[in-house]
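Presented below is the structure to which this report refers.
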Amino acid sequence: MKTRSLLLATVLLSGPALAANPPPLTTDTGSAVGTNQNSKTAGAHGGVLLEDFHLIEKLARFDRERIPERVVHARGTGAYGVFESYGNLSHLTRASIFASKGKKTPMFVRFSTVIHPAGSPEAMRDPRGFALKFYTDEGNWDLVGNHLPIFFIRDAIKFPDMVHSLKPSPYSNKQDPNRFFDFFSHLPESTHMLTQVYSDLGVPANYRQMDGHGVHAFKFVNAKGEYRYVKFKWASQQGVKNLTAEEAARTTGEDHQHATTDLYASIGAGKFPAWEMSVQVLDPKDLDAFTFNPLDPTKVWPEDKVPSIKVGRFVLNKMPDNFFEETEQAAFSPGVQPPGIEPSEDRLLQGRLFSYADTQRYRVGVNYQSLPINRARTSVSNNNQAGGMNSGNTKSTVNYEPSITRETQDAAPYLLSRAPLTGTTQQQPIEKTDNFTQAGAFYTALDPAARDRLVKNLAADLNQVRDARVKARMVGHFYVAHTEYGTKLAHAVGVKVDDARAAVATLASR
Ligand code: HEM
């Protein structure tokens, strides 16, 4: 052990050992480069010659080193790991990852912040992305979750508006609470998520000491085609640790990429972080048994009514060899699901099913699923072909189906599950919005000091809002959630409680 740390110290201080006889630097096409130090010029005093192909290629290649950053979740870091199933869940799902006790599945995980750009500080108040990619033996499964159990909105049609309001202003390029509170003051369903984001949970101390949640309901489908609704949670085995606003400011000053530093250091030192996964399982016949809609992602499912079952554990044990190739080009999508796991009818999730693969064809390129980081570890056999950066197409003349050659065929046991439908097509809000009860319950569960920090954090941003109507509406939402919460906030931001109540009078019912 001592020798290992000595070795590590030597490498850190002096860099890697020098190769005795290094190979020549080459062009992209494999030819040795005579000099990488001086451009080819017309004599000692003349201009640089266009014929210096190595120089021109080097500059042109450099000019194209960036791809667009993710439109959200741009700042992040990833690691490889392995998931181990605790048992056989075949009565619930045919997903092979849960087929037997001790079954291991390799995975890649990417952590992120949401709103700020690729190089931004990692101690911002923001949900943390926690995306899991399992390379299962029946195809990939992407569980693209966050560290909080709920979300701001419930319909994908509001996502671009929400992100526009949270991103920097198109005028000043600065994030501005005037803009995002203007937006949220019209969306009472955001009260629960805003309460969690402005609580201590809003700034996790690092990526290891936070939980993860799938947020939406998904479907587990067994081999008989029977389905149940499920919610996923993975609990940090390192415990949960958060930063106060003051600690976050100090951390940003000391190391603005502290969470990435922490992950590389922990895994590099052999301290492999682990999470235990559990699922809550809901029978479709119980969908109407709550005061809220269980397919609404602004809600948690109460543990006393839908208890969690522990289903497995994962450990992260290796950092990528190359950040761009692996972490940056990693593409997670809620639509990537193996047999046995399907989307629910959650309206937010339904929009996500389209958005991710769409942005990835633009961000990475149409053949992004063939890159080693994204490629399934099972054989992929279809007639999708060609397109930019393509490799590995069929060698056969049959690139269509059906064909008399039957090179591929339908696999009837893998038909998607069937679900009953009623009603007419419509563009209406969900029934049972119940926007405030769970926000109030979250507040009630906080100790007095945590309640005060929540109010202080919220007030720091709300006090920047100039429009009194927006301020009053926001305070009104928190007031409807919990009287003490709204009253304390009203005092902290100089809003009269009566004005806050009046601003949301139409929302008064919980
Ligand atoms: C990333 C859209 C809601 C978690 C992204 C990306 C898009 C997007 C376009 C960039 C993907 C890429 O470039 O590879 C949406 C839409 C949503 C939504 C349209 C709602 C309708 C959510 C929710 C969660 C979530 C509810 C958590 C449960 C993530 C994560 C990433 C991400 C973790 C980063 C994935 C990675 O590390 O590469 N989202 N999102 N998003 N989203 Fe969402």
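Say whether the condition of being within 16 Å of the ligand (Cβ to nearest atom), modelled with pLDDT of 95 or more and among the basic types (K, R) is met by at least one residue in the range 411-423. Within the range 411-423, not a single residue is within 16 Å of the ligand (Cβ to nearest atom), modelled with pLDDT of 95 or more and among the basic types (K, R).
Among the residues that make up the range 168-185, is at least one of them within 16 Å of the ligand (Cβ to nearest atom) and either out of contact with any helix residue (DSSP H, G or I) (no Cβ under 8 Å at 6 or more places or on another chain) or of a type in the set (D, E, K, R) (or both)? No, that holds for no residue.
In the set (1) assigned to a helix (DSSP H, G or I); (2) out of contact with any helix residue (DSSP H, G or I) (no Cβ under 8 Å at 6 or more places or on another chain), T251 fails one condition alone, (2). Can you find a residue that is of a type in the set (S, T, N, Q) and under 30 Å from A472 (Cα atoms) anywhere in the range 277-288? No, the conditions are met nowhere in the range 277-288.
Looking only at residues that are charged (D, E, K, R) and either within 16 Å of the ligand (Cβ to nearest atom) or closer than 30 Å to E226 by Cα (or both) in the range 46-98, which one is modelled with the lowest pLDDT? Lay out the reasoning, then the answer.
Residues of the range 46-98 charged (D, E, K, R): 51-52, 57-58, 61, 63-66, 69-70, 75, 84, 94.
Restricting the remaining residues to those that are either within 16 Å of the ligand (Cβ to nearest atom) or closer than 30 Å to E226 by Cα (or both) gives 66, 69-70, 75, 84, 94.
Values: R66: 95, E69: 98, R70: 98, R75: 98, E84: 98, R94: 98.
In this case the residue turns out to be R66.
Within the range 144-179, being closer than 30 Å to N374 by Cα and free of Cβ contacts under 8 Å to residues at least 40 places away in the same chain holds for K158, P160, D161, M162, H164. Just one of the numbered conditions (1) in a strand (DSSP E or B); (2) in contact with a Ser or Thr (Cβ under 8 Å, 6 or more places away or on another chain) is not true of V281: (2).
Exactly one residue out of V315, V306 is of a type in the set (A, V, I, L, M, F, W, C), over 20 Å from F83 (Cα atoms) and more than 14 Å from the ligand (Cβ to nearest atom): that is V306.
Being among the basic types (K, R) and modelled with pLDDT of 95 or more is the requirement here; does R375 meet it? Yes.
Please verify whether S417 is of a type outside the set (V, I, T), in a loop (DSSP other than H, G, I, E, B), in contact (Cβ under 8 Å) with a residue 24 or more places away in the chain and touching a strand residue (DSSP E or B) at 6+ places or on another chain (Cβ under 9 Å), treating the condition exactly as stated. Please lay out each step first, then the result.
Numbers: of a type outside the set (V, I, T): yes; in a loop (DSSP other than H, G, I, E, B): yes; in contact (Cβ under 8 Å) with a residue 24 or more places away in the chain: yes; touching a strand residue (DSSP E or B) at 6+ places or on another chain (Cβ under 9 Å): yes.
In short, yes.
Picking from residues in the range 321-378 that are outside any helix (DSSP H, G or I), more than 9 Å from the ligand (Cβ to nearest atom) and of a type in the set (S, T, Y), the one that is farthest from A131 (Cα to Cα) is T378. L92 passes every criterion in (1) in contact with a Phe, Trp or Tyr (Cβ under 6 Å, 6 or more places away or on another chain); (2) free of Cβ contacts under 8 Å to residues at least 12 places away in the same chain; (3) of a type outside the set (S, T, Y) apart from (2).
There is no residue in the range 392-414 that is hydrophobic (A, V, I, L, M, F, W, C) and touching a Gly at 6+ places or on another chain (Cβ under 9 Å). Considered as a group, the residues in the range 254-271 that are part of a loop (DSSP other than H, G, I, E, B) and in contact (Cβ under 8 Å) with a residue 60 or more places away in the chain include one that is nearest to L143 (Cα to Cα), and that residue is Q257. The set of residues in the range 60-86 being at negative phi, assigned to a loop (DSSP other than H, G, I, E, B) and not hydrophobic (A, V, I, L, M, F, W, C) consists of R64, E65, R66, P68, E69, R70, R75, Y86. For the range 395-423, a tally of residues being of a type in the set (S, T, Y) and more than 27 Å from N222 (Cβ to Cβ) returns 5.
Looking at A481, A472, can you tell me which residue is under 15 Å from D182 (Cα atoms) and small (G, A, S)?
From the options A481, A472, the qualifying one is A472.
Within the range 395-410, the presence of at least one residue that is more than 12 Å from the ligand (Cβ to nearest atom), assigned to a loop (DSSP other than H, G, I, E, B) and either closer than 24 Å to Y227 by Cβ or in contact with a Pro (Cβ under 7 Å, 6 or more places away or on another chain) (or both) is confirmed. Screening F152 with (1) surrounded by fewer than 21 Cβ atoms within 10 Å (Cβ to Cβ); (2) under 19 Å from P204 (Cβ atoms); (3) near the ligand (Cβ under 10 Å from one of its atoms) gives one miss only, at (1). For the range 422-456, a residue qualifies if it is within 15 Å of F478 (Cβ to Cβ), in a loop (DSSP other than H, G, I, E, B) and of a type in the set (S, T, N, Q), and exactly one does: N435.
The residues of the range 188-226 that are within 30 Å of A500 (Cβ to Cβ) and of a type in the set (D, E, K, R), listed by number, are E189, D200.
Would you say L462 is under 30 Å from G335 (Cβ atoms) and in contact (Cβ under 8 Å) with a residue 40 or more places away in the chain? Against the criterion (under 30 Å from G335 (Cβ atoms) and in contact (Cβ under 8 Å) with a residue 40 or more places away in the chain), L462 does not qualify. Exactly one residue out of A245, A235 is without any contact (Cβ under 8 Å) to a residue 60 or more places away in the chain, farther than 22 Å from A468 by Cβ and not acidic (D, E): that is A235.
The values are calculated or read from the model by the stated rules, or taken from the named source; none is laboratory data. Please read these numbers as outputs of a predicted model, since none were measured by experiment. So basically every Cβ, Gly included, is an ideal-geometry build from the backbone, and we count neighbours across all protein chains shown.
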